[in-house]
Amino acid sequence: MEDNKYLTLARQARADGNSEDAKTYYNKVREDDPENGEAKFFYAYFALYEGKNGEIPQRFGNVCQAVFSAVKMVKSSTAPVAEQYATISEIVNAFLPMTWTLNRYMNNKNRETKVGDSYVKVFDQSSITSSCKKGMFAIRDLGNELESIYGGDADAMAIAVLAWKEYVSLAQKWYAYPPKGEAEIYAEKIKKIEPSYEMPKKAGCISFSDKKN
C-alpha cells in the first residue's frame with residue numbers, strides 16, 4: 001500500500017488523537033486512491049459522531065459496511081503480506097470496541113437531560129437495539145471473513161480470534177439476542193487456536209437499552 005503525503009499526515013493525526021485532521025486527511029487519501037482500505041475505514045470511523053445524534057445509527061451502519069470493504073481492499077492491495085496484516089490489525093482493533101462504546105454513548109445520552117420527571121429520549125429503544133445487533137454480528141462476521149479470505153493463515157487467525165472474543169463477550173452480556181448456543185460455538189473455535197481461552201460467564205445487560213426484559 002504505497003504511502004502518499006496525505007496518508008502519512010492521516011496516520012500522524014490518528015496517532016496524535018487528532019480526529020478532525022485524521023478524518024480530513026483520510027478523505028483526501030480516498031479521493032486520490034478510492035481503493036485504499038485504510039482510508040475507507042478510518043474516514044467512516046472518524047465521521048461517526050459528527051452531525052446530529054439522529055444520524056449516528058446510519059453512520060454506524062456505514063462503519064460496519066466499511067470495515068468489510070476495507071479488509072478486502074487491503075487483501076487485494078500490492079502491499080507485502082506483513083504490511084497487510086499490520087493494517088488489518090489496526091482496522092480491526094479500532095472497530096472491535098465501537099459497538100460497546102456506541103451502546104454506552106446512546107444510553108448515556110438518554111440519561112443526560114431531564115425535563116421535569118422524565119429524561120429526554122435521544123435514541124429510542126429500537127434504534128439502540130438495531131445498532132448494537134448490527135455491530136455485534138458485524139464483529140462475528142468480520143472474524144469469519146478473515147478466516148475465509150486468508151485461508152486460515154495463522155497470522156490472520158490471530159486477528160480473527162480477537163473479533164470472535166469480542167463477539168462472545170458481547171453475546172454473554174446481551175445473551176437474549178444471539179442465536180442460542182452460538183457463543184459456545186465461537187468459544188470452541190477460539191480454544192482451537194488459543195487453548196487457554198476461558199469463555200466469560202453470562203452477566204449484565206440482557207437488553208441493549210439498559211432495561212431488563
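Taking label points 7 Å from Cα along the Cα-to-Cβ direction, N144 and E31 give a separation of 3.8 nm. Here the Debye sum runs over all C-alpha atoms of the range 166-207 as equal scatterers in vacuum, and log10 of I(q)/I(0) at q = 0.19, 0.32, 0.33 Å⁻¹ comes out as -0.50, -1.13, -1.17.
Of the trypsin sites (Lys or Arg not before Pro) found in the range 24-105, those that fall in a DSSP loop while having at most 12 other beta-carbon atoms within 10 Å are K52. Entry for the chain at q = 0.11, 0.12, 0.17 Å⁻¹: log10 I(q)/I(0) = -0.58, -0.68, -1.19, Debye formula applied to identical alpha-carbon scatterers, no solvent contribution. Applying D = kT/(6 pi eta Rh) to the range 45-93, where Rh is the Kirkwood radius over alpha-carbon pairs, T corresponds to 37 °C and eta to 0.692 mPa s, the Stokes-Einstein value obtained is 275 µm²/s.
Under conditions of 4 °C and 1.567 mPa s, the range 92-213 yields 84 µm² s⁻¹ as its translational diffusion coefficient, taking Rh as the Kirkwood radius over Cα pairs in the Stokes-Einstein equation. What's the long-distance tail for the range 1-113, i.e. % of Cα pairs beyond 23 Å? Here the tail beyond 23 Å accounts for 28 percent of pairs.
Of all the options F60, F41, F137, the one that moves most in a Gaussian network model of the chain with Cα springs shorter than 10 angstrom is F137. Label-to-label distance for K5 and R104 is 3.9 nm, based on points extended 7 Å past Cα in the beta-carbon direction.
Can you give the extra length, in nm with one decimal, that the chain gains between N62 and K202 once fully stretched, where that is 0.36 nm per residue apart less the Cα-Cα distance?
47.4 nm
Compared with the alpha-carbon gap, the fully stretched path from I193 to S118 is longer by 22.1 nm at 0.36 nm per residue. Divided by 2.2 N^0.38 Å, where N counts the residues, the Cα radius of gyration of the range 1-42 comes to 0.98. Of all lysines in the structure, those lying under 25 Å Cα to Cα from K173, and not within fewer than 8 positions of it along the same chain, are K109, K121, K133, K134, K165, K189, K191, K192, K201, K202, K211, K212.
Computed from the coordinates by the stated procedures, all read-outs in this text should not be read as laboratory data. Since the model is a prediction, treat every value here as computed from it, not as a measurement. No Cβ is skipped: glycine too gets one built from the backbone with ideal geometry, and neighbour counts run over all protein chains shown.
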